[in-house]
Amino acid sequence: MAHLQASNLFSVKDRVVVITGGGSGLGRIMTKALDANEVSKIFILGRREDALQETVSQTINGTVIPIKCDITSKESLEAAYQAVAAQTTHVDLLIANSGIMGPLMKPPQPAADGSLPPLSQVRDELFNIPMEEFNTVLNVNVTGSYYTVLAFLPLLEAANKRRPAPQEDVLAAPTAQVIITSSIAGFIRKVPFSFAYNTSKAATTHLIKLLSTSFAHYGIRVNGLSPGLYYSDMANHIFQASGIQGRAISDGSFPKEMIPATRGGSEEDIAGLIVWLASNSGAYINGNILVTDGGRISVSPAVY
């Protein structure tokens, strides 16, 4: 019965992992979680060397290797790929996690009597956002994720080639996997802060499905994460706008009408999910979009 013990079910021992956006937010949590559970190497990619080094300083097992990379540049991605390939023969798991929020809007509010603000006011608020800022969000969140996956396909394929020949009644190691971080913003139809961000995450969610189907016959799995409200530098403005202080992980931090769990996501929530997906127990998961939001989209106008 040893194969059913948690230590075997959720083992990520000796995995080689690449994480973009590993210098902050969810990427940092993922890095800490995988490092704490005996992976072999974690290459974290990001634009800010100081942020990457801060992530390294918060890990305990010496598995983390920082590499400076701008995912909106094919040349930078290729250089990062070569840097990783110089230090490992394969990659078991690629987490395309980099993302930005982009231009924020402050929607005109209804009048005291409940009447709508003038359409001209709404139009001006939205039209005044420079088109370049809108496009930058799509370039990072969608195009950057796409080219990140393409850049690392050879090392993912190499991981599959290392798998031993099938044996009857013996469960083989998981096939190579890509995990792309999307957001419940890609499902929610009400736009509280950013048309650009919500649009980009809807596109990211469909990109995950396209990649999953495209690479299924190559044995490369593609799954997606759609987090709700997790505290990070990027999400700080949402917490502030809601009058929430700190990480808000205690029950009662949010009203049930906003998040049925009444709290924001914790390190344990995202860490447990990423370790499960990366582990032996996640080996049969492919083409899924996994929502971790405390029930947020259950009480919002959404398309999930």
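Here are some notes:
- Scanning segment 92-134 for residues that are touching a residue at least 40 places away in the same chain (Cβ under 8 Å) and in a helix (DSSP H, G or I) yields 126, 133, 134.
- Note on segment 128-164: among residues that are in contact with a Pro (Cβ under 8 Å, 6 or more places away or on another chain) and closer than 23 Å to residue 73 by Cα, the one that is surrounded by the most Cβ atoms within 10 Å (Cβ to Cβ) is 137.
- Count of segment 204-236 residues which are in a helix (DSSP H, G or I) and either at pLDDT below 95 or buried (at least 20 other Cβ atoms within 10 Å of the Cβ) (or both): 7
- Residue tally, condition part of a loop (DSSP other than H, G, I, E, B) and within 17 Å of residue 27 (Cα to Cα), over segment 63-73: 4
- Which numbered condition residue 303 fails, given (1) touching a Gly at 6+ places or on another chain (Cβ under 9 Å); (2) hydrophobic (A, V, I, L, M, F, W, C); (3) modelled with pLDDT of 95 or more; (4) closer than 21 Å to residue 209 by Cα: (3)
- Checked against (1) under 20 Å from residue 179 (Cα atoms); (2) modelled with pLDDT of 95 or more; (3) of a type outside the set (Val, Ile, Thr), residue 101 meets all criteria but (2).
- Residues being surrounded by fewer than 16 Cβ atoms within 10 Å (Cβ to Cβ), assigned by TED's automatic domain parsing to the domain that holds residue 14 and either modelled with pLDDT of 95 or more or of a type in the set (D, E, K, R) (or both) are represented in segment 165-177 by at least one member.
- Selected residue (only one of 11, 76 is more than 27 Å from residue 231 (Cβ to Cβ) and part of a loop (DSSP other than H, G, I, E, B)): 11
- Residue, farthest from the chain's Cα centre (by Cα), within segment 263-298, restricted to residues that are among the aliphatic types (A, V, I, L, M) and in a helix (DSSP H, G or I): 297
- For beta carbons closer than 6 Å, sequence separation of 6+ or different chains, a first residue in segment 253-265 that is under 13 Å from residue 292 (Cα atoms) and a second that is surrounded by fewer than 18 Cβ atoms within 10 Å (Cβ to Cβ) and at pLDDT 90 or above, the qualifying pairs are 260/295; 261/295.
- The set of residues in segment 1-28 being more than 13 Å from the chain's Cα centre (by Cα), closer than 18 Å to residue 156 by Cβ and surrounded by 12 or more Cβ atoms within 10 Å (Cβ to Cβ) consists of 12, 15, 16, 17.
- Candidate set: segment 246-260, residues that are closer than 26 Å to residue 34 by Cα and small (Gly, Ala, Ser); chosen: the one surrounded by the fewest Cβ atoms within 10 Å (Cβ to Cβ): 246
- Restricting 38, 78, 125 to residues that are at positive phi and either surrounded by fewer than 22 Cβ atoms within 10 Å (Cβ to Cβ) or not assigned by TED's automatic domain parsing to the domain that holds residue 195 (or both) narrows the list to 38.
- Residue list for segment 84-101, filter: within 14 Å of residue 154 (Cβ to Cβ) and in contact with a strand residue (DSSP E or B) (Cβ under 9 Å, 6 or more places away or on another chain): 84, 88, 89, 90, 91, 92, 94
The values are calculated or read from the model by the stated rules, or taken from the named source; none is laboratory data. What you see is a predicted model, and the numbers here were worked out from it, not measured in a lab. Here Cβ is always computed from backbone atoms with ideal geometry, including for glycine, and neighbour counts include all displayed protein chains.
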